[in-house]
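The values are calculated or read from the model by the stated rules, or taken from the named source; none is laboratory data. The shown structure was predicted, so the numbers you read here are calculated from the model rather than taken from an experiment. So basically every Cβ, Gly included, is an ideal-geometry build from the backbone, and we count neighbours across all protein chains shown. Accessible surface areas use protein heavy atoms only, side chains included; no ligands, DNA or RNA. Shrake-Rupley method; radii C 1.70, N 1.55, O 1.52, S 1.80 Å.
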Amino acid sequence: MNTAPLISILLGLVLAPMLPGVINKTKAFFGGRKGQPVLQLYFDLWKLLHKGAVYSRTTSWVFRAGPIVWMAAGLAALLLVPLGRTGAWLRFEGDLVLLVYLLGLMRFFVVIAALDTGSSFEGMGASREVQFSALAEPALLLSLAALARQMGTLSLSGMYSMMSAQTLITAGPAMLLVAGALLIVFLAENARLPVDDPNTHLELTMIHEVMVLDTSGPDLAFILYGSAVKMWVLGALLMGVLLPVKTGHAALDAAIMVGGMMALAVATGVIESTMARLRMVRVPQLLAAASALAVLALVLVFR
């Protein structure tokens with residue numbers, strides 16, 4: 001029995017909450033502060049799971065279902081995404097389309113849960129989330145389409161298992177364009193700078209965080225953990241392009257990819273420490289640039 005896919009899933013389940021901690025620690029280093037512990041999110045999840053949830057009388061079952069579906073869809077997406085050249089636990093032709101739909105399902109339920117509260121601030125955040133996601137999804141799909149064309153398969157596991165250093169040599173420009181597009185999607189979908197500031201407390205400028213203002217207790221834990229898993233999933237898609245290594249040892253391959261994921265978290269922290277948040281009207285231009293990079297990569301692989 002091949003245990004590599006199971007190892008990939010377990011690493012995602014256990015290490016995903018560490019990514020925000022590495023990002024925050026990197027930002028603290030650049031700010032000359034000690035910062036939170038790298039494992040802070042684990043402590044927060046444990047604390048929230050032992051608290052009770054508070055529900056407004058104006059909300060319905062939609063509000064309660066939002067965090068559960070958010071986390072469940074994120075965990076389902078984790079089953080589809082390979083960690084580097086290690087195949088995913090669930091694989092079939094066209095699974096990349098299901099992955100995009102699962103990410104869309106996560107977004108849909110957290111948006112309608114925010115709208116269910118009747119709060120004008122959460123409705124505003126939901127509107128921004130939908131607008132920017134509608135621009136990020138084409139970039140993600142086009143990037144995966146370029147990889148599928150280059151590798152000749154519509155399966156994520158098939159695409160990433162065939163990625164190698166030779167691929168970067170023969171199709172280097174296209175792969176670098178795909179990596180650039182996936183990086184922008186990674187930052188946008190995970191509500192990171194320069195698209196969104198996860199540490200802000202101004203409702204007028206928040207996007208993702210304002211949608212979960214009324215969420216508390218275990219529901220907030222589901223949101224935070226689902227967000228960490230989503231970051232792991234999108235990060236795995238990016239690092240699978242940038243680190244197409246296969247040593248022949250599953251444990252060593254997994255260790256290399258985990259190191260790459262932590263390096264991506266550090267790079268995200270550097271980006272957030274050296275860049276200011278874009279004005280709202282500039283964010284669509286950044287996401288359009290990601291789609292343009294993906295389209296150009298698709299053109300190159302069709303040549």
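Residues in region 263-285 that are in a helix (DSSP H, G or I) and surrounded by fewer than 18 Cβ atoms within 10 Å (Cβ to Cβ): A263, V266, A267, V270, I271, S273, T274, M280, V281, R282, P284, Q285.
Scanning region 280-303 for residues that are at pLDDT below 95 and out of contact with any helix residue (DSSP H, G or I) (no Cβ under 8 Å at 6 or more places or on another chain) yields a count of 3.
Among the residues making up region 118-145, none is hydroxyl-bearing (S, T, Y) and in contact with a Ser or Thr (Cβ under 6 Å, 6 or more places away or on another chain). From the list F109, F121, F186, the lone residue that is aromatic (F, W, Y) and over 20 Å from the mean Cα position of the chain (by Cα) is F121. Note on region 114-141: among residues that are buried (at least 21 other Cβ atoms within 10 Å of the Cβ) and hydrophobic (A, V, I, L, M, F, W, C), the one that is nearest to L96 (Cα to Cα) is L140. Might you let me know whether region 191-198 holds any residue that is small (G, A, S) and in contact (Cβ under 8 Å) with a residue 40 or more places away in the chain? Checked against the condition, which is being small (G, A, S) and in contact (Cβ under 8 Å) with a residue 40 or more places away in the chain, region 191-198 yields no hits at all. For G240, state whether it is assigned to a helix (DSSP H, G or I) and in contact with a Phe, Trp or Tyr (Cβ under 6 Å, 6 or more places away or on another chain). Answer is yes for this residue.
For region 227-249, residues that are touching a Lys or Arg at 6+ places or on another chain (Cβ under 8 Å) and basic (K, R) total 1.
With respect to (1) closer than 24 Å to G104 by Cα; (2) open to solvent by less than 90 Å² (accessible area, probe 1.4 Å), the lone exception for R64 is condition (2). When residues in region 207-235 are screened for being in a helix (DSSP H, G or I), more than 17 Å from M261 (Cα to Cα) and of a type in the set (D, E, K, R), 2 of them pass. The set of residues in region 208-245 that are within 18 Å of L168 (Cβ to Cβ) and over 20 Å from the mean Cα position of the chain (by Cα) contains only V245.
Just to be sure, is G248 open to solvent by 30 Å² or more (accessible area, probe 1.4 Å) and either without any contact (Cβ under 8 Å) to a residue 40 or more places away in the chain or within 21 Å of the chain's Cα centre (by Cα) (or both)? Taking the combined requirement at face value, the residue satisfies it.
Of all the residues that make up region 1-52, how many are touching a helix residue (DSSP H, G or I) at 6+ places or on another chain (Cβ under 7 Å), of a type in the set (S, T, N, Q) and open to solvent by 90 Å² or more (accessible area, probe 1.4 Å)? Of the residues in that region, 1 qualify. Cβ separations smaller than 9 Å between residues 6+ apart or across chains give the following pairs from region 78-100 residues that are free of Cβ contacts under 8 Å to residues at least 60 places away in the same chain and open to solvent by less than 70 Å² (accessible area, probe 1.4 Å) to residues that are charged (D, E, K, R) and not in a loop (DSSP other than H, G, I, E, B): V100/E137.
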